[in-house]
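Here the structure comes first, spelled out in structure tokens, and everything after it is commentary.
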Amino acid sequence: MYAALLEARCVPTEDTYALLLRAYCNAGSLHRAEGVISEMREHGIPPSATVYNAYLDGLLKARCSEKAVEVYERMKRERCRTNTETYTLMINVYGKSKQPMSAMKVFKEMQSLGCKANICTYTALVNAFAREGLCEKAEEMFEEMQQAGHEPDVYAYNALMEAYSRAGFPQAASEIFSLMQHMGCEPDRASYNILVDAYGRAGLHREAEAVFESLKRQGMAPTMKSHMLLLAAHARSGNVARCEEVMAQLHKSGLAPDTFALNAMLNAYGRAGRLGDMERLLAAMERRGTSDVGTYNVAVNAYGRAGYLERMEAAFASLERRDLAADVVTWTSRMGAYARKKEYRRCLEIFEEMVDAGCYPDAGTAKVLVAACSDERQVEQVTAIVRSMHKEAKTLFTI
């Protein structure tokens with residue numbers, strides 16, 4: 001269409017370039033997106049905030065966080081006038097990359113330049129803290145939003161509910177749900193899904209089931225995500241029979257289970273020790289090409305807990321064969337299997353492999369390493385290793 005536009009001797013506008021950038025980012029063609037910026041410069045058109053914001057939005061949706069930060073820094077170097085949308089996008093970039101304090105720095109920078117935040121900015125900040133379960137900070141930003149004269153909408157309430165859900169406070173999430181209704185703000189499907197997840201994470205599967213049924217009574221059709229969250233709730237409680245019923249219900253609704261739903265079912269089998277059923281489902285997922293890192297994380301964890309180290313290592317090796325990169329959960333689950341057997345040296349070897357692969361430990365990794373220790377000397381060694389790792393680790397992004 002763009003080629004036809006040029007052929008018709010039409011002059012591209014900022015909106016034309018903005019649409020092109022979004023399209024290339026959505027298609028994952030980042031080199032072509034950069035080509036658009038180069039083309040603008042060749043024609044003597046400096047990219048404006050409108051164009052750069054479209055680029056940032058495309059990168060955010062394509063989950064290209066590092067590239068988004070690079071573009072943001074370039075905007076500042078070029079003295080391109082940033083605006084509320086720019087800062088809101090960058091808060092979302094850092095929030096989705098689990099860097100809430102970096103998101104807060106962007107907010108502070110925005111305030112220092114006299115740029116006014118809108119309800120989307122505040123909601124993005126609440127979401128940034130919510131993803132990490134930092135409910136006090138999320139609540140603080142929610143209150144600041146109200147003090148700034150913004151009336152919370154369903155997205156803001158959902159963000160605060162998510163914070164309590166991730167922090168393990170389902171009752172608080174439920175109270176926010178009730179408050180939303182009391183304030184005349186109608187919960188949407190996402191509100192119900194968050195509440196199902198909140199109860200599921202806390203192991204309260206009956207309450208999760210009740211919310212799911214309430215969603216249907218409101219005349220809202222449960223989505224794939226709704227079923228997946230209910231599946232996960234019952235998987236945590238070990239109710240495999242109910243998980244299978246939910247999966248059948250999913251098929252009956254005409255929805256084909258996605259990878260998240262299948263992983264939840266896989267997890268249910270793994271937790272219940274039904275490894276044969278887990279292996280059959282895993283094989284079917286591999287045949288269909290629907291397995292992801294989460295799929296193998298479930299398998300590695302299940303085999304590790306059952307003490308089947310060879311099968312666990314085979315599941316881990318499957319990641320490389322399928323061109324998937326192990327994440328911190330995969331590595332930690334693998335270490336956990338050896339930690340249960342107090343194989344301290346093997347845990348350290350895996351830890352070194354993990355670091356060499358460019359994957360940095362989290363609090364869960366540290367706990368597993370300590371669990372592998374048999375004496376005080378080993379505990380001291382692990383403490384020193386983890387501390388040095390945190391000193392050497394660079395933050396993913398810089399402001």
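The values are calculated or read from the model by the stated rules, or taken from the named source; none is laboratory data. Small disclaimer: the values here were computed from a predicted structure and weren't measured. Cβ: placed from backbone, ideal geometry, glycine included. Neighbour counts: every protein chain shown. Only protein heavy atoms, including side chains, enter the accessible area calculation; ligands, DNA and RNA are left aside. Shrake-Rupley method; radii C 1.70, N 1.55, O 1.52, S 1.80 Å.
A few comments on the model shown:
- Filter result (surrounded by fewer than 14 Cβ atoms within 10 Å (Cβ to Cβ) and small (Gly, Ala, Ser)) within the range 324-355: Ala325
- Taken over the range 314-323, the criterion of being touching a residue at least 12 places away in the same chain (Cβ under 8 Å) and surrounded by fewer than 16 Cβ atoms within 10 Å (Cβ to Cβ) is satisfied by Arg322 alone.
- Pairing residues of the range 97-112 that are touching a residue at least 24 places away in the same chain (Cβ under 8 Å) with residues that are among the hydrophobic types (A, V, I, L, M, F, W, C) and surrounded by fewer than 22 Cβ atoms within 10 Å (Cβ to Cβ), at Cβ distances under 6 Å and at least 6 apart in sequence or on separate chains, gives Ser102/Phe397; Lys105/Ile399.
- Checked against the criterion of being surrounded by 22 or more Cβ atoms within 10 Å (Cβ to Cβ) and at pLDDT below 90, the candidates Cys25, Cys64 yield just one match: Cys25.
- Test: residue in the range 356-373 that is polar (S, T, N, Q), modelled with pLDDT under 90, crowded, with 17+ Cβ neighbours inside 10 Å and out of contact with any Lys or Arg (no Cβ under 8 Å at 6 or more places or on another chain): yes
- Scanning the range 283-293 for residues that are of a type outside the set (D, E, K, R) and within 23 Å of the chain's Cα centre (by Cα) yields Met285, Gly289, Thr290, Ser291, Val293.
- Among the residues of the range 169-202, the ones that are in a loop (DSSP other than H, G, I, E, B) and either open to solvent by 40 Å² or more (accessible area, probe 1.4 Å) or touching a Cys at 6+ places or on another chain (Cβ under 9 Å) (or both) come to 6 in all.
- Selected residue (criterion: surrounded by the fewest Cβ atoms within 10 Å (Cβ to Cβ)) from residues of the range 203-222 that are of a type in the set (Gly, Ala, Ser) and closer than 20 Å to Leu255 by Cβ: Gly219
- Checked against (1) without any contact (Cβ under 8 Å) to a residue 24 or more places away in the chain; (2) farther than 18 Å from Glu132 by Cβ, Ile176 passes all but a single condition, namely (2).
- Which numbered condition Ala33 fails, given (1) farther than 30 Å from Tyr157 by Cα; (2) touching a Cys at 6+ places or on another chain (Cβ under 8 Å); (3) open to solvent by 10 Å² or more (accessible area, probe 1.4 Å): (3)
- Lone unmet requirement of (1) in contact with a Ser or Thr (Cβ under 7 Å, 6 or more places away or on another chain); (2) closer than 26 Å to Met104 by Cα; (3) polar (S, T, N, Q); (4) open to solvent by 10 Å² or more (accessible area, probe 1.4 Å) for Gln147: (1)
- Residue match in the range 294-303 (condition: surrounded by fewer than 22 Cβ atoms within 10 Å (Cβ to Cβ), of a type in the set (Val, Ile, Thr) and in contact (Cβ under 8 Å) with a residue 24 or more places away in the chain): no
- The listed residue being open to solvent by 20 Å² or more (accessible area, probe 1.4 Å), within 22 Å of the chain's Cα centre (by Cα) and modelled with pLDDT under 95, out of Ser48, Ser38, Ser97: Ser97
- Residues in the range 239-270 that are modelled with pLDDT under 90, on the phi < 0 side of the Ramachandran plot, of a type in the set (Gly, Ala, Ser) and more than 24 Å from the chain's Cα centre (by Cα): Ser253 only.
- Matching entry among Glu392, Glu380, Glu310 (being modelled with pLDDT of 90 or more and open to solvent by 40 Å² or more (accessible area, probe 1.4 Å)): Glu310
- Test: Ala233 is in contact with a helix residue (DSSP H, G or I) (Cβ under 8 Å, 6 or more places away or on another chain), without any contact (Cβ under 8 Å) to a residue 60 or more places away in the chain and part of a helix (DSSP H, G or I): yes
- Residue within the range 334-344 that is free of Cβ contacts under 8 Å to residues at least 60 places away in the same chain, more than 24 Å from the chain's Cα centre (by Cα), closer than 23 Å to Ala235 by Cβ and in a helix (DSSP H, G or I) present: yes
- Residue list for the range 264-300, restricted to those being under 22 Å from Arg340 (Cβ atoms), of a type outside the set (Lys, Arg) and not in a helix (DSSP H, G or I): Ala272, Gly273
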